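Notes follow the structure.
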Amino acid sequence: MLIRVKAIVLTLLFLLAAILWFWSLDLRPQSFNDYRLQSTLVKGNNFPKTLVDASGQEFILHMAPQRLVSVTLATDEILSELVGEQRVVGITHLADDPKISNIPHQYSKHIKRINSDIEAILALQPDLVFVTRYTRAETVRLLFAAGIAVVRLSGDSSFKEIKDNIVTIGRVTGTEDRAGKLLQKLQADREAITAKIKGQPSVRVLFYSLNGYTAGVGTTVDEVIGVAGGINVAQEAALTGSQKISEELAIGLQADVILLNDFATQGKITPAEQLMQNPNWQHVPAVANKRVYGLQGRWPISDSQYSWQGIKEVATLLHTNVFE
Amino acid sequence: MVHKKSSSIVVFLLLLLLVLMITGLFQGPAHISVQAALSVFAEQLGWSLALTETRPWMHTVLIDVRVPRILVAACAGACLAICGAVMQGMFRNPLASPSILGVSSGASLGAVCALYSGLAAVSVWTLPLFASVGACLTLLLIYRIASQRGQMAIGTLLLAGVAIGALNTSASSFILSLSLNSWEVGRTIIYWTMGGLEGRTWDHVLLIVPVAVLGIGGLLLFARNLDALLLGEVHAASIGVDVMRTRIRLLLITSLLVGGTISVCGGIGFIGLVVPHIIRLLLGPHHRYLLPASALGGAVFLVAADLALRVFVPEKSIPLGVITAMFGAPFFVFLLIKKRWSVQV
Amino acid sequence: MTQSMEIELACSKLGFSYQNAERCGDKTIAEVSLDFAAGQFVALIGPNGAGKSTLLKLLMGLIEPNDGEVLLEQQTLSRFKRRAIAQRVALVPQDVSLGYAFSVREVVAMGRNPHLGYFQAESEQDRKLIQQALQKTDLLAMADRRVDQLSGGERQRVFIARALAQQTPILLMDEPTANLDLCHQLELLTLLRTLAQEGHLVITAIHDLALAARFCDRLVMLSQGKVVADGLPDEVLTEDSLRRYFSIDARVDKNIAGELRVTALKPCSS
């Protein structure tokens, strides 16, 4: 009997100690932003600039970094536009995969392809490393302790967030001008398309992949469909983010156009043909009117300037009469 | 005669461990020449032995990446193996392993929660904390299920462990399925559950070394009692072993060790189950030698597996749990064939 | 080991029932009060299910009684730590199954556990005591053989040797002769009687009534958890008590050597 009481008391004490210890860790509410860790903040307009990481650590960047390492494909792609190749010493090996990268083999071979092994990163002697919001705290701490600047890029689910990332990368690498020009061009392209399709009736669009995933509110795909003059039927089902839905629901949404995200699949029949031959889908307007298109670009999964390519592609598919 | 053989095997394992650990210091994806490495170590210890020029990044790699990684590997392997030996002795069951009571899956669940919520990226201590809490809550739960009036039913304890373990695993899978919508998170969680020593730093060493030293030291004290427990509850009690108390203490210590190990390296299976059997085939069931030999054997095993990974497949990041199974199983089968008729169940 | 006639082990108003039995209204042990002193060789007898094993376990402190208490050296048993009990009382249980590859000597050596510290190795004295225990139970020849390769009877002797090595003033034995051949049965009981004469307290549960009568100076008969007889073999083993508690018709007389002889004739028709 005494053992049990002792055990319960000890456990409660332990839990209490654990909770107190946890509270004493320096967690600030602004570290969290819709449950996601914030991107690094950059202070200052000219070098030396200060980087403030979401965990509170500050780092002073004395001059524009010359040895950049990127650990995500998004950063690889953005850097390829903003920064000269001589300043990049490490990119991900995903950058050469034509199924997901927009810049395969664009970087010359002597630039090392890495995964996230910390040793490999350190061996490249970088002065700045771009990481993700889910990179472990220990890795970030180690890099800072080794005197290496770390920039965390958080958002990737809306155009605004990608724009912020591009701006941040520009400020951190001292290429604000090029970043500004890039954003202006993207905006101009976008406005050109929206002007062209002005007045066209909205089309009900389902973005789908054969394994059941669709894109709801809060994704770049959703925004692209909206800008390109379509209505994302996933919104009607109150879906957020990238989600797997049942075939029944997908059929029930009765879209007028179906965009298939299976660029990466290879086979004798294209995904579009596969879907159109599927007997369950025969009564969906999109299939009846043969408006099922396989997307040709990697932009649905890109988190960089290449996401904007979707606007043109989708607009062309939705409003065929305008873009003849 | 038995004592001499056992002692020499223990000493051999210790030497093997030291050799492997030192070799591991000089191996890795970053190419550092032996002279440079020696210079860095000399510098760290305060001697000046500049054989060749060294750079600060070499310093970081050797002292802040490799040394912690090897220390963590040794401690984790030792903890898992000795916990397996203790579980097998305590439950008189050759299939017992550190994961049998669901404690390791509880620790996994805690860690997965930390990863999914993103809190693991905030602070170094979040993940170990969640994992330890998960382990202890699981232990408390199964203890409460299996005990009444100060008596503990062993069969019920084991089955409760299986049930709660299954619950924990399914909860982890559920969280994983939620996380697959965001590719980054899902990938992190999957890699973590398969176990690995990526990115271990001195923080992890500070966490696991005291736990390992205290825990393993504590377990070694119970060597005699474990021998007695093998005879049976009644026999053990009649030679002075407080069976209930001993079991509770052993459970507590092993849970802390397992929780600590998992929080630092993820789920590395197989070591706790197989290494004690291998040692038992070589040394016999006396826990006086079995416990320290298992600890050393586990450390050797994990350090060797990590070393093999870095030497032979440095570019790909294959999880450690895969390697331990791939190496361990054939070796175990070889030993079984050699000693077919001596296996004790 | 004291030579005094102080009561070393006693139980007063002991009551206990296993979980299931309680529900049926049966008590495994009910209202048992007994006193034991050094130098006694006591036999616990009774039909199956009378509660002999349970009583021994209660006396050892392996199970806690529901009512009453056990007194060891005039103090409540629950005050003692398990190790302290093991230095004073040794139990040889009935179960002889053992699946692990210890050698005979190693198992007997475990009897020294209560006297050794955590990391303390066995001393010369300990080894001598182990050797003596092996000799007394005729196990020297197989001292290095593996226990799981012995027969049931041989294993029983190993556990008895273990209890002897424990060097305790009190020895409790649960059916120690159950698996032994006749020669070893007699050897064991002679040994136990010698130990009792040297001042130990020996309590043994035993099935064989004749052997009990021959070697023990006190018989305690249990039936359905109660003490129904307690005294000299002549007093306890009567045809009447055998009919009533063992459900057999028997003849009790003396054999040529003058020892009590019990001949079972036929089971009682209820």
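Read-outs throughout are calculated quantities, based only on the coordinates presented, and are distinct from any laboratory measurement. Small disclaimer: the values here were computed from a predicted structure and weren't measured. Glycine also receives a Cβ, built like all others from the backbone with ideal geometry; neighbour counts cover every protein chain displayed.
Distance from the Cα centroid of the stretch A:217-280 to that of the stretch C:38-75 is 79 Å (rounded to whole angstrom). The stretch A:32-94 gives an Rg/Rh value of 1.01, both radii derived from C-alpha positions and Rh following Kirkwood. Cross-link pairs exceeding 27 Å in C-alpha to C-alpha distance, out of A:LYS99/A:LYS244; A:LYS99/A:LYS160; C:LYS13/C:LYS57; A:LYS43/A:LYS312, comprise A:LYS43/A:LYS312. Students often get this wrong: which residues of the stretch A:72-105 have the backbone nitrogen under 17 Å from the point 7 angstrom along Cα-to-C-beta of A:ASP177? Inside the label zone: A:81-85.
Remark: mean inter-chain Cβ contacts per residue of B:110-117 equal 1, using a 10 Å Cβ-Cβ cutoff to other protein chain atoms. Residue by residue, the stretch B:241-258 carries 3J(HN,Hα) couplings of 8, 7, 4, 4, 4, 4, 4, 4, 5, 4, 4, 4, 5, 5, 5, 5, 5, 5 Hz when phi is fed to the Karplus relation 6.51 cos²θ - 1.76 cosθ + 1.60 (θ = phi - 60°); x denotes Gly or Pro.
Quick one: net charge around A:GLU273, please, counting Lys, Arg +1 and Asp, Glu -1 for every other residue with C-beta under 13 Å from its C-beta. Walk me through the intermediate numbers first.
Numbers: positive: A:LYS268, A:LYS290; negative: A:ASP262.
Its environment carries a net charge of +1.
The translational diffusion coefficient of the stretch A:280-324, from Stokes-Einstein at 37 °C and 0.692 mPa s with a Kirkwood hydrodynamic radius over alpha carbon pairs, comes to 273 µm²/s. For chain C, excluding the exposed loop sites themselves (chymotrypsin sites (Phe, Trp or Tyr not before Pro), DSSP loop, at most 15 other Cβ atoms within 10 Å), the longest remaining stretch covers C:120-270. Label point of C:ASP217 set 7 angstrom out along Cα-Cβ; within the stretch C:186-207, amide nitrogens under 20 Å from it belong to C:187-206.
Shape analysis of chain B yields a ratio of the Cα radius of gyration to the Kirkwood radius, Rg/Rh, of 0.99. Taking 16 Å as the cut-off, the amide N atoms of the stretch A:114-148 that come nearer than this to a point 7 Å along the Cα-to-beta-carbon line of A:MET63 belong to A:127-128. Only aspartates and glutamates eight or more places from A:LYS290 in sequence, or on another chain, were considered; those with a Cα closer than 20 Å are A:GLU247, A:GLU248, A:ASP256, A:ASP262, A:GLU273, A:GLU313, A:GLU324.
Across peptide C:115-128, the average count of Cβ atoms from other chains found within 10 Å of a residue's Cβ is 1.
In the stretch C:102-237, the C-alpha radius of gyration followed by the widest Cα-Cα span (Dmax) gives 16.2, 51 angstrom.
Computed over the Cα atoms of the stretch A:29-185, what is the convex hull's projected area averaged over all directions, in nm²? Intermediate results must be reported in sequence, preceding the final value.
On the way: hull surface 36.3 nm².
That works out to 9.1 nm², a quarter of the Cα hull's surface.
Here the simple spin-label model places points 7 Å from the Cα toward Cβ, and for A:ASN321 and B:VAL333 these points are separated by 6.9 nm. Electrostatic tally near A:ALA286: other residues with Cβ closer than 9 Å to its Cβ, Lys and Arg +1, Asp and Glu -1, net +2. Roughly how many whole Å is it from the C-alpha centroid of the stretch B:319-336 to that of the stretch C:80-133? That distance is 38 Å. Distance distribution note for the protein assembly as shown: the fraction of Cα pairs above 49 angstrom is 42%.
Per residue, the Cα convex hull of chain A amounts to 202 Å³.
With r as the distance between the Cβ atoms of C:GLN131 and C:ASN48 and R0 = 35 Å, compute the FRET efficiency 1/(1 + (r/R0)^6) and round to 0.05. Don't skip to the answer; put the middle values down first.
Numbers: r = 38 Å, r/R0 = 1.08.
Once rounded, the FRET efficiency stands at 0.40.
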